[in-house]
Amino acid sequence: MSQGTTVKQQFGHRARLALSRPEVLKTDSQAHAARTLWNLLHAWWRIMPKEKRTLANADAAIRQARKDIDFLAVLPAQAAQAVLKTYFQAWKNCWDGRAGAPNFKDRFRTMMSVDVPQGRDLNITRVHRRWGTANIPKVGRVRFRWTKDLPVGKHANTENRITGARLIKDALGWHIAFRVQTLEVKPEPHQGPEVGIDLGVTVPIALSDGETYEHGEWLTGKEKAKLLRLEQRAAQRKQYRKPGERASRRLHHTYDQIAGLRAKAKRRALDWQHQTTTAIARTYGTVVVEALTITNMVKSAKGTIEEPGKNVTRKSGLNRSISGEAWGRTVTMLTYKTARHGGTLHKVPAPNTSRRCSACGFITPGSRESQAVFVCKNPDCGWSGNADWNAARNVLHLYRMGHALIPAAGRAVVRRSKRVKPAAAR
C-alpha cells in the first residue's frame, strides 16, 4: 500500500454516563434480563441434541422465552439478538482454542452489560464542550461525558460512523463504549529516533536516552486509609458469616465501596499510561521493549508442604507491585499507538538485560549491587550508571544487533554468546 492511501480503522471509545435514578433502574433491569437470557441459552444448549443446536432453533427459543417470561421484555429485541450472537461466538472461540467453554453467568460476579448493535439507534448529538447525549432503546435520552471527537452529525458518513455501542457497569457506575469506524490517511513512516524501554517497579518506564516516566501513588493518603478501614470492616463482618450463608447487605455495601476505590485507582493508572504511551509514540519512530513473560514473573513463592518457599511475603509484595504496573497493558498501548503514528514496536529477549554492562557487554557477577545503581565489576571497564538506563540501553542494542523476535513464529533470533558488542561502540 503506497503512502497517502486511506485505511479503515476500527477502535473503541468509552465514556461515562450520567444517569438519573430511574434510568439506572431501567438499565440495570436490561442488564439482568440479558444475563438471564444468556443463562437460558446455555441451559437450552445443554439439553438439546447436538444436531438441533442451530442458530435458527436458538432464535426461535429466544422469541418464545420473551413471550413466556414477562421481565425479559424490558430487553430490546436487537439486544437479545446480540446476546444470541455473542453466545454462539463464544462457542466458536472455544472450538478454535482461543477461549474456554462458556458457562452460566453469576448475578454478583458477572459484569453487567447491554449491547446496542445498531449505531443509528443512538442518535448522538453534542450538547456543548463537555457533554453529549445518546438515545438508549427503552431507556431514553441520556447524557455522557464528551472527551473525544466522534463522527456524528455532518461528520458522519458511510466510512466515518459509529457502528454500535455497549453499556457497561463497573464500580464507578454505568459507561458507554462506542464502536467507531473511520477512514484515515495511512501515516507516513515516523522519522523519529530509536529508543529502548525498560519496564520496572521503582522506575515504571526508563528510556535508553536517559528519560524516565514516573508516577506517584494512585490513591491519596486519606483514600488509602479509608480503603484499609473498609477492608478491615469487610474481614470483620465476613468472620461472623456461617459457612454457606449468603452475605448480608452491609457486607455487599462494604464490598462495593472497596471496589469503587480500587476502580478509581485503576482509572488514574489508565490515564497516566495513555498519556505516557502517547508521548512516546509521538516522539520515537522505533520503540523496543523486552518480551516479558509476566505470568511466570508473578507466580507465588509459597511452594508446597514438603518444600516450602522462601521470602514468601517479600515475593508477594513484588508480585502485587508488578501486577499494579500492568506492563502488558503498557506494551499493548505502545503497539497500536506507534502504528497509528507511523512507527514500529519490536520485542527482544529479556534475559540478562539488567545484568549485562551496556558499555563493555560483559556479565560480571556483583555488578547489580543495588536496585538503582549499576557498577560494572569488569576490571577493564568499571562503567557505572543508573541501572534502569543501563537495561534500556541493552534492550535497544539487542534490536540493533538483530536479536529481535520474529513476529510470525514468536521466537527470538539470538546468538548464544556470553558477550554482546558494547552499545557504546555502535
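Any read-out appearing in this document is the output of simple, stated calculations on the displayed coordinates, not a laboratory observation. Bear in mind the structure is a predicted one, so any value in this text is a computation, not a measurement. Heads up, the Cβs are rebuilt from the backbone with ideal geometry, glycines too, and the neighbour counts pull from every protein chain shown.
Here are a few things to note about the model shown:
- Label-to-label distance, nm, for residues given as Arg241 and Leu228 (7 Å Cα→Cβ offset): 2.4 nm
- Residues of the chain were split at every exposed loop site, defined as GluC sites (Glu not before Pro) in a DSSP loop with at most 16 other C-beta atoms within 10 angstrom, and the longest piece left, sites excluded, is 1-158.
- Estimated distance in nm for a label pair at Ser370 and Arg145, the labels positioned 7 Å out from Cα along Cα-to-Cβ: 4.0 nm
- For the chain, the equivalent ellipsoid built from the Cα gyration tensor has semi-axes of 45, 30, 23 Å, listed from largest to smallest.
- Long-range amide H partners of Lys105 with built H, under 5 Å: Asn39
- Computed from the C-beta positions of Arg249 and Trp272 and an R0 of 30 Å, the FRET efficiency is 0.25 to the nearest 0.05.
- Karplus-derived 3J(HN,Hα), 6.51/-1.76/1.60, for each residue of the stretch 106-113, Hz, glycine and proline x: 6, 5, 9, 9, 9, 5, 6, 8
- Taking one quarter of the surface of the convex hull spanned by the alpha-carbon atoms of the stretch 44-117 gives a direction-averaged projected area of 5.9 nm².
- For Ser29 and Thr54, the FRET efficiency from 1/(1 + (r/R0)^6), where r spans their Cβ atoms and R0 equals 30 Å, is about 0.50.
- In the chain, the DSSP-assigned H stretches of four residues or longer account for a calculated mean residue ellipticity at 222 nm of -12500 deg cm²/dmol, using -39500 (n - 2.57) per stretch and the full residue count as denominator.
- Of the chymotrypsin sites (Phe, Trp or Tyr not before Pro) found in the stretch 204-308, the ones in coil according to DSSP and having at most 16 other Cβ atoms within 10 Å of their Cβ are Tyr240.
- Helical segments meeting 30 Å axial Cα length and Kyte-Doolittle -1.0 threshold in the chain (DSSP H): 21-47
- Binned Cα-Cα distances of the stretch 121-278, short to long, each 10 Å bin given as a whole percent: 8, 22, 23, 26, 16, 4, 0
- For the stretch 14-144, the C-alpha radius of gyration sits at 1.18 times the compact-globule guess of 2.2 N^0.38 Å, with N the residue count.
- Counting lysine pairs in the stretch 1-186 whose alpha carbons fall under 17 angstrom apart, excluding pairs fewer than 8 residues apart on the same chain, gives 8.
- Looking at the stretch 108-176, the chymotrypsin sites (Phe, Trp or Tyr not before Pro) that sit in a DSSP loop and have at most 13 other Cβ atoms within 10 Å of their own Cβ are Phe108.
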